[in-house]
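Here, each number is a calculation from the coordinates, and none is a lab measurement. Here the structure is a predicted model, which means the values were calculated and not measured. Here the Cβ positions follow ideal geometry from the backbone for every residue, glycine too, while neighbour counts run over all protein chains shown.
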Amino acid sequence: MSDIPVAERAARIEYAIRDVVVPATALEAEGHEIIKLNIGDPIAYPGLPTPKHMIQAFQDSLARGETGYSPSYGLPALRIAIAKDENGKGWNCTPEDVYVCHGVTEALQIIFTATLEAGTKVLAPGPHYPPYMAYPQLFGAQTVEYRLDADDGWRVDFADIESKMDESVRLLVLINPNNPTGNVANAEDIDRLISIAEKWPNCMIIADEIYDELDFTGTQTSVASRSNSVPVFTLNGVSKVYYAPGWRIGYMALHDPMGRLGAVKDGIERLLRSRLCASTPAQMGYLSGLSGSKDWMQGYTQKVLSHRDLCLQRISKIEGLEVQSPGGAFYMFVRLTDPKWANDDKKFVLDLLHEEHVLLVHGSGFSEEMGKGHFRLVYLADSDVLNEAFDRIDRFLQHSR
């Protein structure tokens with residue numbers, strides 16, 4: 001008998017960051033040890049644990065028996081703490097504007113479900129985090145990429161945005177700092193983005209700010225704090241800045257300066273009620289992170305910066321590679337200048353994996369057009385591991401010429 005057919009929408013989904021793990025797992029099953037620099041999970045690398053006071057709050061919640069359902073929009077105390085934190089970034093956020101989700105990924109799914117229909121568009125940066133391309137198609141919508149300039153620190157190409165805007169664009173996305181490039185948009189950049197969006201009455205902005213505290217430039221700015229006209233969905237959570245990705249707690253905060261999101265907000269709340277709630281004990285852990293001391297963050301950030309600088313130094317000495325210094329997050333988007341690999345970044349990643357057992361992510365997995373000829377590197381591993389990885393990459397490039 002033939003296979004039962006899969007829904008086409010599922011068969012088209014790709015998630016490059018985890019897809020490359022499949023061949024790596026097969027190699028591990030054969031006994032090979034893989035240097036994994038593919039996934040943006042800070043807990044996968046030593047020396048950056050979830051802060052102890054947050055873990056204790058999670059454990060205390062479990063000990064108190066707080067294992068039942070929470071309110072669908074999130075624990076009231078956590079919504080208050082998130083609103084206070086967002087207020088500190090320069091805009092008037094109330095607890096009623098905050099909705100707690102199973103990470104930013106679920107928040108995206110909720111937003112797309114509430115705002116997209118057949119024939120509508122999402123305008124997202126290229127390259128970008130894969131779900132911005134994968135999910136809109138589930139609703140008959142289309143993702144159109146706007147260009148980040150690879151020769152200018154991956155800055156936003158505003159002329160390209162202008163040329164691609166039309167009345168079908170419902171969501172204009174800014175990932176700031178950007179994944180996978182590490183570019184940081186400043187207040188001037190954000191103002192230009194808002195000035196474009198406000199020309200289109202049905203356009204809203206998604207501000208993915210999950211890496212906001214991992215800003216090495218000092219210029220990262222809340223999009224909501226700059227908008228007096230365009231609605232903004234601010235996305236953030238516990239995964240990256242608070243080093244607890246497995247807790248799966250994120251949020252969306254709605255900024256509605258002109259009072260035009262009433263129907264959308266009602267749709268979002270209906271969707272949130274239908275999927276019940278986020279993890280109760282994990283919400284308590286995040287609450288501890290928001291309300292407790294953040295003095296620990298500086299030490300973590302300095303460690304991340306030292307790893308970034310090591311990678312920049314090593315890449316500068318490897319023939320066939322070049323990179324723009326990232327201003328935030330913990331990724332590098334490295335250009336393959338060797339002509340053998342410049343047009344086949346996926347083969348480079350797979351061949352490197354099989355020959356030298358180093359796992360990266362091909363740039364075309366973040367944008368088929370604008371990410372090609374690159375690979376993404378997570379630079380959170382210890383310096384000894386990073387140096388070994390670069391030794392292997394250098395050796396592979398030399399042998400493949």
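In what order do W247, W200 fall by count of nearby beta-carbon atoms within 10 Å, going from fewest to most? Numbers along the way, then the final one.
Details: W247 25, W200 16.
Final ranking by Cβ density, sparse to dense: W200, W247.
Calculate the tail of P(r) for region 106-178: the fraction of all Cα-Cα distances greater than 21 Å, expressed in %.
23
If you count the DSSP beta bridges with both ends in the chain, what percent of them are antiparallel, to the nearest 5? The partial results should precede the final answer.
Working: 23 of 43 bridges.
Once the DSSP bridges in the chain are tallied, antiparallel ones form about 55 percent.
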Rounded to the nearest whole Å³, what is the per residue volume of the convex hull around the Cα atoms of region 329-399? 80
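Based on the Cα atoms of region 52-291, what semi-axes does the equivalent ellipsoid have, where each is the square root of 5 times one gyration tensor eigenvalue, given in whole Å with the largest first? Display every interim value, and only then the final one.
Values: eigenvalues 170, 79, 51 Å².
Its equivalent ellipsoid spans semi-axes of 29, 20, 16 Å.
So what is the calculated 222 nm ellipticity per residue for the chain, using -39500 (n - 2.57) for each DSSP H run with n of 4 or more, over all residues, to the nearest 500 deg cm²/dmol?
Numbers: 14 runs with 151 residues, N = 401.
My calculation for the chain gives -11500 deg cm²/dmol from helical runs alone.
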Report the FRET efficiency, 1/(1 + (r/R0)^6), for D3 and R401, where r is their Cβ-Cβ distance and R0 is 51 Å, rounded to 0.05. 0.75
Which one of S61, L214, W247 has its Cα pushed farthest toward the positive end of the charge dipole of region 52-291, where Lys and Arg give +1 and Asp and Glu give -1 at the Cβ? S61
Roughly how big is region 211-261's charge dipole about its Cα centre, with Cβ charges of +1 (Lys, Arg) and -1 (Asp, Glu), in debye to the nearest 20? 140
Report the residue, chosen from A114, A26, A77, that carries the largest GNM mean-square fluctuation when the chain is represented by alpha-carbon nodes joined by springs under 10 Å. A26
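Which GluC sites (Glu not before Pro) in region 339-382 pass both tests, a DSSP loop state and at most 12 other beta-carbon atoms within 10 Å?
On the way: sites: E355, E356, E368, E369; in loops: E368, E369.
Sparse-neighbourhood loop GluC sites (Glu not before Pro): E369.
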Over the Cα atoms of the chain, how large are the radius of gyration and the largest Cα-Cα distance (Dmax), in Å? 21.1, 62
Centre separation in Å (Cα based) which lies between region 114-184 and region 333-384: 22
Going fewest to most other Cβ atoms within 10 Å around each Cβ, H399, H354 line up as H399, H354
Rounded to the nearest whole number, the Stokes-Einstein translational diffusion coefficient of region 66-147 at 20 °C and 1.002 mPa s (Kirkwood radius, C-alpha pairs) in µm²/s is 146
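Once fully extended, how much extra length lies between H53 and Q298, figured as 0.36 nm per residue of separation less the alpha-carbon to alpha-carbon distance?
Working: separation 245, 0.36 × 245 = 88.20 nm, distance 1.61 nm.
Full extension from H53 to Q298 adds 86.6 nm.
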Which one of L138, A263, G103 has its Cα pushed farthest toward the positive end of the charge dipole of the chain, where Lys and Arg give +1 and Asp and Glu give -1 at the Cβ? A263
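Out of the DSSP beta bridges found with both residues in region 52-291, what percent are antiparallel (nearest 5)?
Values: 12 of 30 bridges.
Counting DSSP beta bridges with both partners in region 52-291, the antiparallel share is about 40 percent.
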What GluC sites (Glu not before Pro) does region 194-272 have in DSSP loop regions with at most 15 other beta carbons within 10 Å? E198
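Dipole magnitude of the chain about its Cα centre, charges +1 at Lys/Arg Cβ and -1 at Asp/Glu Cβ only, in debye to the nearest 20? Don't skip to the answer; put the middle values down first.
Numbers: 38 positive and 54 negative charges, 156 e Å.
Using Cβ point charges on Lys, Arg, Asp and Glu, the chain gives about 740 debye.
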Under 22 Å Cα to Cα from K294, which lysines show up? Leave out anything in the same chain fewer than 8 places away. K52, K84, K89, K240, K303
Inter-label distance for N387 and K317, nm, one decimal - labels placed 7 Å from Cα along Cα-to-Cβ: 1.0
Would you mind listing how long region 6-162 runs along its three principal axes, going by Cα atoms, in whole Å with the largest first? 51, 48, 41
Sparsely packed trypsin sites (Lys or Arg not before Pro) within region 329-369, loop by DSSP, other Cβ within 10 Å at most 14: K340
Two-site FRET efficiency, S229 against L27, from Cβ-Cβ distance with R₀ of 45 Å, rounded to 0.05: 0.30
